[in-house]
Each structure stands twice: as C-alpha cells, then as structure tokens.
Amino acid sequence: MKPPFRQALGIIQRLKQHGHEAYFVGGAVRDLLLGRPIGDVDIATGALPEEVMAIFPKTIDVGSKHGTVVVVHEGKAYEVTTFRTDGDYEDYRRPESVTFVRSLEEDLKRRDFTMNAMAMDEHGTVIDPFGGQEAIEKRIIRTVGEAGARFREDALRMMRAVRFVSQLGFSLAMDTKQAIVANAPLLSHISVERMTMEMEKLLAGPFAAEALPLLAETRLSTYLPKLAEKDEPLRRAAAYEWPWLTAREERWALLCQVFSIKESRPFLRAWKLPNKVIDEAGAILAALAAVPEPAAWTNEQLFLAGLKRALSVETVRAALTGKPPGPQHDELRRRFAALPIKTKGELAVNGKEIIEWIGKPAGPWVKEMLDATWRAVVNGEVENEKERIYAWLMERSRTQEKNC
C-alpha cells in the first residue's frame, strides 16, 4: 500500500474495531490506479459524525450536518465522511439535505464520474460498482448514472468534466458530452468564484490545449465570464503550448492573447481574480507588446520588468510561437546578472542628496533626475558610485543650462 494510504490506515482500522465499515474513496483511489501523485486521502464510513467524533480524540467539525468530520491522525488531517445520499438539488449547486446511510454503494452512487466513484479497503482491494476502472483503462470521463441528472444536481460538474480532460488527457464519453451541451445553460447558476477555480485548474493541466476547444464544443463558453462568442479563439487555443506556462498570471496573459483582448483588466476582473494576478498579467501583456522579439529587450526594459517578469514574458511568447523558451531565458538571466543595479533602491544616490547638490527646492524635477540617473547607470553611461554620479549630474546640469 502506498505511503499516503498507509499513513491513514489507522483511521480505517480504528473505525472497523468499533464495528463500522470504512474505506478510502474518491480522487486518491483514482490517482493510485492512474499512477499519479496522490493528493488528499479521504475516507468514507458507515459511522455517523457523532460516532466518529466519539471514537477519535482529536477531530474538527467542518460539516457534520453534511456528514464530514476532520480527524487529526499522527499530525495530519483527514476528511472522514459518513455514507450518505443527497436530497433534491434546487439551485443546481448543492443538495438541500443529505440522508446518512449504511451502504457504501449508495454513497458512491451520488458521486460525479465513474473514475471518482471507487473505494479501496484496508487490504488494497478496489470496490468499483460503476465501472471506474474500465473508464480509466479506456481513458474516458463518464458520469455515474444518467449524465443529465448528475449535471442538474451540480452544474459545476460540467466544468469539472472538461477540467479532468485537461488534467488527465481523457476524452468525454459521448452521452456525457451530449448532456453537457444540453445542460450548459445551468452553468449560469454557478458563482463566478467556483467557475474561476475550475478554469484555473483547467489552464494549468498538461492537456489544456485539448480541453479549451471543448468549452466551445459543449457551449459552456457561452455561460463563462466574457467568453460568449469566443468559440473560434477557443478552438485556436489548441495550437499553443500551455504546459510551458508555470504561473497563473502567465496562463491568463496567454488567454488574453488568444482572445486578442486589448484591455485585459475588465476581462480579468470579470473572473474575480486577485488584483495581484490582474496587475501582473497586464504587465506581462504590456511588456510583450513593447518588446516585439526576445532579442529586442533593452537594458532599461529588462531593469524595469525585473528578471521574474521578463522570464514570464518570454514564456508566454514561447507558448504562442511554439519555440522552447530555454535559450531566451538563459540570455535574459545572463543580461540581468550583468546589470550594474537590479532595483532603483540600489542606486548610490537618493533624492535628498540630489536636492542638496543642485540647490533647488524639491519638485517633480527630482524624480526626473533620479530616473535619468538610474537609466544612465543601467546603460553604462556612469558607474553606480556617488562621486561619479555627482560629477555626471553636474555636467548634465551645465549642459542643460547652456542649451536653455
């Protein structure tokens, strides 16, 4: 048994000692069968939440009303959820009520996709009542039961289906895809924040190029922020190297490029992204426009962008052109390392000293002179030493006075 499961085995064994069924469930079992890194290990049990809390000395009630209790075991937190069935879904988002049951199969039946509706016992035996292993072997994403019913229960499952295409490289089962097309309008009931969470996972997946066109094919794009009437660019998105992008702001910047968006801020705000991501994606796009090719970086542009942003710009450019960014990154690192200063704070003089030297009252001219100074230092016109900068500024002032 793999270490993530072995570490949690004590929870299952203890529940069984108290007469309760207990199994590993969900994504961890799926990822074990896929040979993928195993994330959070979740446990499902026949024990009621109050019974779970009575059995374990350290628990956190995170949602006992819906059956979930966090058990802290050997310093690690695990979600332990009571077998349950869901009541009616009236808002296409969450069940109005849940009913606790004693049957594992009843619990697995309520899950979204067959590959996520498997369990594993303490001996490593997989319980698979809905054909999850077959779906994994065929690399197909298929709902548990009737697809339309699953999507009407929680409309976000349609986005999850496409997101799994991006993460796993699987295909949508035909009936699942058809049900997404038929139920796409239900996505309008989902909060932007939940859609954005799925979109970010989709963009970060190794098969994003396959998944993005599916947003158009399934009509989901019509109900996503600012993506209505963007079907053709979404289809073209398959041509770009999304896996080369390593940061979320790079992914959103590339998406703006794919859609030929001139003003990125309104588009990114519609997705309710953090201001930091909006600002950085906008800065990447501005630098991409200002520097038409990798060899065109000036010392000033590189200094103002900073190494991290400059590397991001070339990563996005590489994803657009299909040329690996490695050589450009190496050259930018070499050039940035050679800059005499890396930030304005490293300049050997400050505004107060310049005011004393020039003998004029403070004003906008001070910033102008500081800007001229760091530019001169970055371009190698003067060394970053106080005495040399003083001599350079005095000469510059005399020259300006002569020209007035």
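Every number here is computed from the coordinates shown, using simple stated rules; none is lab data. This one's a predicted model, so the numbers in the text were calculated from it and none came from an experiment. Using ideal geometry, Cβ is built from the backbone for each residue, glycine included, and neighbour counts are taken over all protein chains shown.
Here are a few things to note about the model shown:
- Both radii are taken from the alpha-carbon atoms of the stretch 243-339; with Rh as the Kirkwood radius, Rg/Rh is 0.96.
- Evaluated with a Cβ-only charge set (Lys, Arg +1; Asp, Glu -1), the chain carries a dipole of roughly 740 debye about its Cα centre, given to the nearest 20.
- Helices of the chain meeting both criteria, an alpha-carbon length of 20 angstrom or more along the long axis and an average Kyte-Doolittle score not below 0.0, with helices taken as full DSSP H segments, are 275-290, 299-321, 364-378.
- Under a model in which nothing but the beta-carbon of Lys, Arg (+1) and Asp, Glu (-1) is charged, the stretch 347-403 shows a dipole of about 160 debye around its Cα centre.
- For residue 61 and residue 109, the FRET efficiency from 1/(1 + (r/R0)^6), where r spans their Cβ atoms and R0 equals 30 Å, is about 0.70.
- Inter-label distance, residue 350 to residue 50: 6.5 nm, where each label sits 7 Å from its Cα along the C-beta direction.
- Pair residue 191, residue 293: separation of 7 Å Cα→Cβ label points (nm): 4.8
- Extension gain from residue 228 to residue 149, taking 0.36 nm per residue of separation minus the Cα-Cα distance: 25.9 nm
- Highest-MSF residue in the chain out of 264, 64, 312 [GNM, Cα springs under 10 Å]: 64
- Cα gyration tensor shape for the stretch 179-235, rounded if a/c is under 1.5, else prolate or oblate: oblate
- All lysines inside 29 Å of residue 177 as judged from Cα atoms, apart from same-chain residues fewer than 8 positions distant: 109, 138, 201, 226, 230, 272
- Residue of 349, 25, 71 that the Gaussian network model of the chain assigns the largest fluctuation, springs spanning Cα pairs under 10 Å: 349
- Selection of trypsin sites (Lys or Arg not before Pro), the stretch 203-284, meeting DSSP coil and at most 12 other Cβ within 10 Å: 262
- For residue 266, the shell of other residues with beta-carbons less than 13 Å away shows a net charge of +4, using +1 for Lys and Arg and -1 for Asp and Glu.
- Ellipticity at 222 nm from helices only: DSSP H runs of n ≥ 4 in the chain, each -39500 (n - 2.57), divided by the residue count, give -16000 deg cm²/dmol.
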